[in-house]
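Below is one structure, written out as structure tokens; the observations come after it.
The values are calculated or read from the model by the stated rules, or taken from the named source; none is laboratory data. As the structure is a computational prediction, the values presented were derived from the model and not from experiment. Reconstructed Cβ throughout: ideal geometry from the backbone, glycine too, with neighbour counts over all protein chains shown.
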Amino acid sequence: TNIFIQRIRLYRQTEFGKVVVEIKSVKRHIEREFVRLILGERLSVGWYWLYIEFNTRICQSELEGTHCFPGPLLSSDPKESSSPLPSRQLATGFSTKFEPNFARTFFPGWDDPSIRSTFNLSVQHFSDTNILFNTSPLPNKQNVSTSNLIKLTRFETTPPMPLYLFAIATGPFKPIQVVTTKTNLSLNIWSNNQDLLAAHFVANFSPIMFDKLQEDFNVKYPLSKLDIFITPKYPVGGMENWGLIILHSDNVRISNSDSTLPINDDFIDSSKEEKIKEQKNIQRQNLIEIDKLAEKYKIEKLITHELIHQWFVSIWNWEELWLSEGFTSYFVFDFLNAHNHPQLTEHEYYLKLIELINQQSTDGRSSLIKLITNSKQLDRLFDSIQLYTKGAVVVKMLKDLVGPEVFRTSIARFLRENSFQ
């Protein structure tokens, strides 16, 4: 209901040019989230051009696909009786999260993973704001400033991809760090000044893991850049948009203070022996190290998960979501076990396996493949145990069945033949 269609035109391509196809009426089905065009003729096999002019209202309510950054409070006009609050907040930017079916809240389209499209994006925006997209901006000579305040930015055409991977982030943020991979890919970390520590950790870890993945999968990443955007407002920990990974700052933040550690120092400040005080300080330091190790491990898992999705990037229907998430979840454990945290990953895997077995022994069990009959059922697919853990366990069973070498070779071959399709 936040999309307002102004005009729709349909043309049929002929050898002599474009011919107008009459649109008798336009019917909107709010519940089914459809727009239906009643045409004056039957469609035949061939090329058609559909033009839709529309306006989308964002940052007015909590839309599920668009997440706005809060800015300064503005006083409401007392003449506006419709305003229920004494003040309103100005949005300074937004980012998108369209999985599974929220792209339709931003623009009209065929919001189904089986339908792939290329996208050409041009954005007119304030000169002091940055805008990120799945692909790189075109050279400066193709981007023009329409005034001192307004700039037009055009982006490279995307590869064919489903609508839910279309992503935009815009606002007054800056590139915190620009790093390059072994293949000279530009990997850019974007954030605000409040998350500098997290941004630098992401910048140090991401290119190393990216190179390991590309080398192991033996499939070259096809885009000209990869942006990682850290935002203070996002509905999930991260989203693997192709070429533009978006992370919630809360999920990549590293504590730089030990003030929250559960240590009681009351008796230290009394006249106790120095030895007890020293032991307490050692205990405090150990807890700090354990706490930071846990934080870094959690962040590395999240980043690795989203990076792996750059290869296991999309699906053809939501019923097979477990293939994408199951393989990705398995490879997170596999790569971190081999390169970073063998003991942590091994222990966590079996803890999750125990949790899965407990659920499988109760009425809480469910199948990996779920029949979806309407879009309102999509949310129930994203179950941390029944989707991610069970999917990873099935993938590990396949690896154990065929052997690690055959499994690795087969995955590399599968990706070469089917990746980015």
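Looking only at region 304-322, filter to residues that are of a type in the set (Phe, Trp, Tyr) and touching a helix residue (DSSP H, G or I) at 6+ places or on another chain (Cβ under 8 Å); which one of those is nearest to Arg416 (Cα to Cα)?
Restricting attention to region 304-322, the residues satisfying the condition of being of a type in the set (Phe, Trp, Tyr) are 311-312, 316, 318, 322.
Now narrow it down to the ones that are touching a helix residue (DSSP H, G or I) at 6+ places or on another chain (Cβ under 8 Å): 311-312, 318, 322.
Details: Trp311: 10, Phe312: 11, Trp318: 23, Trp322: 20 Å.
Out of the qualifying residues, it is Trp311.
Looking at Pro108, Pro113, which is the one that is part of a loop (DSSP other than H, G, I, E, B) and surrounded by fewer than 18 Cβ atoms within 10 Å (Cβ to Cβ)? Show your work before the answer.
Numbers: Pro113 fails: surrounded by fewer than 18 Cβ atoms within 10 Å (Cβ to Cβ).
Matching residue, one of Pro108, Pro113: Pro108.
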Per the filter on region 203-238, residues over 19 Å from the mean Cα position of the chain (by Cα), in contact (Cβ under 8 Å) with a residue 40 or more places away in the chain, part of a helix (DSSP H, G or I) and surrounded by fewer than 20 Cβ atoms within 10 Å (Cβ to Cβ) are Lys212, Asp216
If you go through Asn148, Asn241, the only one that is under 27 Å from Cys59 (Cβ atoms), assigned to a loop (DSSP other than H, G, I, E, B), under 14 Å from the mean Cα position of the chain (by Cα) and not hydroxyl-bearing (Ser, Thr, Tyr) is Asn241
Taking region 151-179 and keeping residues surrounded by 16 or more Cβ atoms within 10 Å (Cβ to Cβ), assigned to a loop (DSSP other than H, G, I, E, B) and at pLDDT 90 or above leaves Glu156, Thr158, Pro159, Pro162, Phe166, Ala167
Conditions (1) over 25 Å from Ser410 (Cα atoms); (2) surrounded by 14 or more Cβ atoms within 10 Å (Cβ to Cβ); (3) in contact (Cβ under 8 Å) with a residue 40 or more places away in the chain -> His200 fails only (3)
The residue that is nearest to Arg9 (Cα to Cα), considering only those in region 42-76 that are surrounded by 10 or more Cβ atoms within 10 Å (Cβ to Cβ), at pLDDT below 95 and among the charged types (D, E, K, R), is Arg57
If we ask which residues in region 30-39 are assigned to a loop (DSSP other than H, G, I, E, B) and surrounded by 10 or more Cβ atoms within 10 Å (Cβ to Cβ), their number turns out to be 2
| Yes/no for Tyr11 being aromatic (Phe, Trp, Tyr) and either assigned to a loop (DSSP other than H, G, I, E, B) or surrounded by 13 or more Cβ atoms within 10 Å (Cβ to Cβ) (or both) | yes
